[in-house]
Structures are given as structure tokens and as C-alpha cells.
Amino acid sequence: LSFGGDSEKYLLWIKGRTPGGPQWAEAAAVKLPANVKPANVELHQSAQLVELEVTLAVRKGTSYTFQKYVAASREGWGKLEDTVTQAKNADAHGMNSLFERHASAWHELWKADIRVEGNDEVQKAIHSDLFALYENSTIDTHWAMLAMGLTPYYFGHIFWDSDSWDFSALLLLHPDRARTLANYRFYTLDEARSLAQKRGYAGAM
């Protein structure tokens, strides 16, 4: 739908729509190494590509660290127009600050836990499953829990497992995340009723 960048602020952004689906946006703020000054920075953009081409002189045996801060959003989750601002703010905070906030958020999630005494293997399995639930759920949206999470398996389909297994565990440990799964069923209820009617069933499908 739109794209652009800023060669002076080292920013890139794109906005689009999935076929038959929601709008989405993504932005990236690039941070160059502190110990170099670029000789030239060019912005290249087209409907297929948005990129920054940076030319700089380097010394043999010296390490140079580039950082890229990416923000993404879609309809129903965040504000599309805020994506560039979020990427810039992430750059301003720096990697260490972001990592500390990330770690703190995970520590808060793990305060709700299921503990098993005397069987380390079962405990590992439970923590592995809880990690999958936590990393693939969020709050204050109407997104469902995708089968196999963010992997390409099942192509993002949502099954009854989400309601029977994921919802019950989240309801016990993190009700705010469970609410998101309920929001999804409510948000798609009209379409589900329409589908059931087309198939000759009562109720929602």
C-alpha cells in the first residue's frame, strides 16, 4: 500500500494488506557502528524493495556492530501509524534497555507456574508447553492462538485445541491472555454463524 524511508535518520517502513486479510505495517530503525562515519547513505525504494545502502571505510581486524530495531503491527493489534515511532523509540532506548524490559516481562509471566516435585522430565515438559503458550499469546487483542504458534506448520489455522487446551491453561495462569482467545471467537462470531448456515447447520461453525 505504501513504503518509504529516511536516509538521514536511517529509517525504513512498509505498509500493506494480506490478500483478503488485514492491513499491517513494519518499520526498521538502523543504528550504525559508533566508531565509523558513513561516507554515503542512499535510500532505494520500489514496490518490491526498500533498502538503505551505506558506504563506509573500515579497518582490518576491527569489529563493527550494526543494530536493527524492528516494529510490526496489524489491524486489531496496535496502531499502524505508530509503527515508525515505535522503531525510533526502540533505537533511542538501546539494546540493553530493551533486553532488560524483555527479561522483566518474562519474569512476570513465570510468576504464575505449575510445579512438579520429584520428576524433572515432567517439569521440563510442562515448562516447555507453558513457554509455547506464553510466547504465542498476548493481551488486549482478538487474535487467536495459532496451531504450532509462529511456525509454518498448519499455515496459521485455528482449531478447537485453542479453546479446549490453550484457553483452560491460560485462564488458570493468565486470565488476561485467555480473554484474547475469547475475544477472537466473539469477533468472528458473525462469520462463524454465516458459515454454519451455508453448510446447513444451526449455531456457529
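List of remarks:
- Surface analysis of segment 1-123 yields an accessible area of 71 Å² per residue, using protein heavy atoms and a 1.4 Å probe.
- Exceeding the 26 Å Cα-Cα cut-off - candidates Lys37/Lys68; Lys79/Lys198; Lys37/Lys60; Lys31/Lys79; Lys68/Lys124; Lys9/Lys79: Lys79/Lys198; Lys68/Lys124
- Under a Gaussian network description of the chain, with springs only between Cα atoms under 10 Å, the residue in Ala144, Ala87, Ala112 that fluctuates furthest is Ala112.
- Under the convention that each Lys and Arg Cβ holds +1 and each Asp and Glu Cβ holds -1, the size of the dipole of the chain around its Cα centre is about 420 debye.
- Dipole check for segment 128-205: with +1 at the C-beta of Lys and Arg, -1 at the C-beta of Asp and Glu, and the Cα centre as origin, the magnitude is about 340 Debye.
- Using θ = phi - 60° in the Karplus curve 6.51 cos²θ - 1.76 cosθ + 1.60, the 3J(HN,Hα) couplings for segment 85-92 round to 4, 5, 5, 5, 5, 4, 4, 5 Hz; x is entered for Gly and Pro.
- Measuring r between the beta carbons of Trp165 and Val58 and using R0 = 45 Å, the FRET efficiency lands at 0.30.
- Under a model in which nothing but the beta-carbon of Lys, Arg (+1) and Asp, Glu (-1) is charged, segment 51-112 shows a dipole of about 280 debye around its Cα centre.
- For the chain, adding -39500 (n - 2.57) for each run of n ≥ 4 DSSP H residues and dividing by the number of residues yields -11000 deg cm²/dmol at 222 nm.
- Across the chain, Cα pairs under 8 Å and at least six residues apart give a relative contact order of 13 percent.
- Highest GNM mean-square fluctuation among Asp129, Asp120, Asp82, for the chain modelled with Cα contacts below 10 Å: Asp120.
- For Gln23, nonlocal amide neighbours, meaning residues 5 or more places apart or on other chains whose placed amide H falls under 5 Å from its own, are Glu75.
- Length-normalised contact order for segment 80-162 - Cα pairs under 8 Å, 6+ apart - percent: 13
- Solvent-accessible surface of segment 141-183, averaged per residue with a 1.4 angstrom probe and all protein chains in place: 65 square angstrom.
- Mean-square fluctuations from a GNM of the chain, with a 10 angstrom spring cutoff on Cα atoms, peak among Trp106, Trp13, Trp160 at Trp160.
- The portion of the accessible surface of the chain made up by carbon and sulfur, rounded to a whole percent, is 54 (1.4 Å probe; DNA, RNA and ligands excluded).
The values are calculated or read from the model by the stated rules, or taken from the named source; none is laboratory data. Keep in mind that what you see is a predicted model, and the values were worked out from it rather than measured. Neighbour counts run over all protein chains shown; Cβ positions are idealised from the backbone, glycine included. We work out accessible area using only protein heavy atoms, side chains counted, and drop any ligands, DNA or RNA first. Shrake-Rupley method; radii C 1.70, N 1.55, O 1.52, S 1.80 Å.
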